[in-house]
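Below: one structure, written as structure tokens.
The values are calculated or read from the model by the stated rules, or taken from the named source; none is laboratory data. Quantities reported herein were computed from a predicted structural model and do not represent experimental measurements. Methodologically, a virtual Cβ is constructed for each residue, glycine included, from the backbone with ideal geometry; neighbour enumeration extends over all protein chains shown.
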Amino acid sequence: MTAPRTLRFSLKARLMLIIGGITAVLMTLISMSILYQWREMIVENQRYNAEGVTRAIAITLTDAFSYGEAEDPPLEDLLERNVRSFAGTIPGLVRMAVVDNSGRILAHTDHALYGRRFDDSLTRATNQTDSLISAIYQSPEKGWILETVQPLQVAGKRWGVVRTAFDAEPARSEIRSLFFLLMGLTWGVTAITLIVLYLLIGRLTDSLHHVAVLMDRTGFESDDPLPVPQRNDEVGVLLHHFDLLRQRLAQSRQELLSVQQQIARAEKLASIGRLASGVAHEINNPLSGLKNCLYAMEREPENYAQTRLYLQLMKEGVDYIETVVQKLLGFARQQPAAMQAVDINAILDSVVRLLDFTIQRRKVRLELLLDRSIPGLRGDPQLLSEVMMNILLNAIDAVEERGHITIRSMARDQSHVLVQIEDDGMGITAEHLPHIFDPFFTTKGPKEGTGLGLSVSLGIVETHGGSIRVQSAPGQGACFTVELPITGEAA
């Protein structure tokens, strides 16, 4: 099983980043819009109050100009008393000045400025209009100031203007507080949204992780039921369909195992049929000896010495027949795979003895080059015997009379054993070589093979954790190499 991929950027992180980012941007935009509107309202309210106060002051100062022209005291004294009175009673008033039409200061909250002239943009703008003008700006000495300018005039007569400056820092502080309040609200809502997303997405990703765990635990090696949680959402539908898929996989596994068993039985029966003639010959010779012994004993029933001799010979013949039959039954018997310690050389010796008659009949020269020092391995002796039997039978079929077959066993390294069965037969063409392990593929006649031997052998070897390789060329024979791990653990 390959190692799981490392998540460089998880789905949870992506969803939280995207949705959290969108939420933060939207909340920031909404907050800035609210802040802008409230700022306008605060500034407009400040401006409205300042202009109202300035208009009220202008009325009083206009009366002062009217009285000052006709009565005592002098106009400047009257204006100064009014300016001091307003400066002491109006909250937030920073400074106040009365200016004539030429821009000269007639009265001011700062006595040092008496007699000076204003020559700024606000003064010039005032000289061109009869309406109240206000402006907000930052003063180096006073900070943010809201200044209003109201012309002093009655019935077309204009005496000058009154300029009032109010402290705008409270309004600015209010706007600043509102800004931090809205930003705090924005990030608070974003944080709450992220927490809710974290919990919701966490449930989703946990469900997906559970699906991944179920997938990892699902395989062809086990039919154990897996706990699938019940959910009434899309993840539940996914889990339900995954469970159905797992059940179909388990059913397919059972069908595949059944077909493999049928194929193995069919190939074994085919191999038994090919052994029949050799086994019949092995049994026929002892049976002929038994018949001869019985005939001689019938002719001379009183010859006790001869009878004892023939009885001993008959016992040996029966024992030999029993041995041959046991070998045949041992190969033909259907048994479940039983992993145990086996000697691969002993398996090769047994297979060669079982095929001895066929080898002698074909006059094949068989050469055994077995390394008796190689370590044992774990495997199923019956299945490994079937593998060696199939490959050796193919080698016998491939060589002509008086052909040559070499069987070698050796240790490739400390963890693997090799068995090579090499013949000098006709070889395998390049066209057929990639398909020799395909089920039912054969180049033999209809009654000479099933095309299942090598396919079944490959499945058995892979079950033991090994592999089969073949090297061949037309006219140069073939060499089959079976590689098995010394531990022999099933894959």
Worksheet item: Does R124 satisfy the condition of being surrounded by fewer than 12 Cβ atoms within 10 Å (Cβ to Cβ), of a type outside the set (A, V, I, L, M, F, W, C) and over 29 Å from E174 (Cα atoms)?
Response: yes
Worksheet item: Given E169, E147, which one is at pLDDT 80 or above and under 30 Å from S31 (Cβ atoms)?
Response: E169
Discussion item. Among the residues of the range 128-157, what is the count of those that are buried (at least 16 other Cβ atoms within 10 Å of the Cβ) and more than 21 Å from A87 (Cα to Cα)?
Written reply: 1
Discussion item. List pairs: first residue in the range 16-41 and more than 17 Å from G184 (Cβ to Cβ), second residue assigned to a helix (DSSP H, G or I) and of a type in the set (F, W, Y) anywhere in the structure, Cβ distance under 7 angstrom, at least six positions apart or on different chains.
Written reply: M16/Y198
Worksheet item: Taking the stated definitions as given, is L384 touching a Pro at 6+ places or on another chain (Cβ under 8 Å), in the same structural domain as T443 (by TED's automatic domain parsing) and crowded, with 21+ Cβ neighbours inside 10 Å?
Response: no
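Yes/no matrix, rows are residues, columns are (1) within 30 Å of L454 (Cα to Cα); (2) at pLDDT 65 or above; (3) surrounded by 11 or more Cβ atoms within 10 Å (Cβ to Cβ):
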residue	(1), (2), (3)
P229	no, no, yes
F242	no, yes, yes
E255	yes, yes, no
L269	yes, no, yes
L275	yes, no, yes
L290	no, yes, yes
L294	no, yes, yes
R299	no, yes, no
Y304	no, yes, no
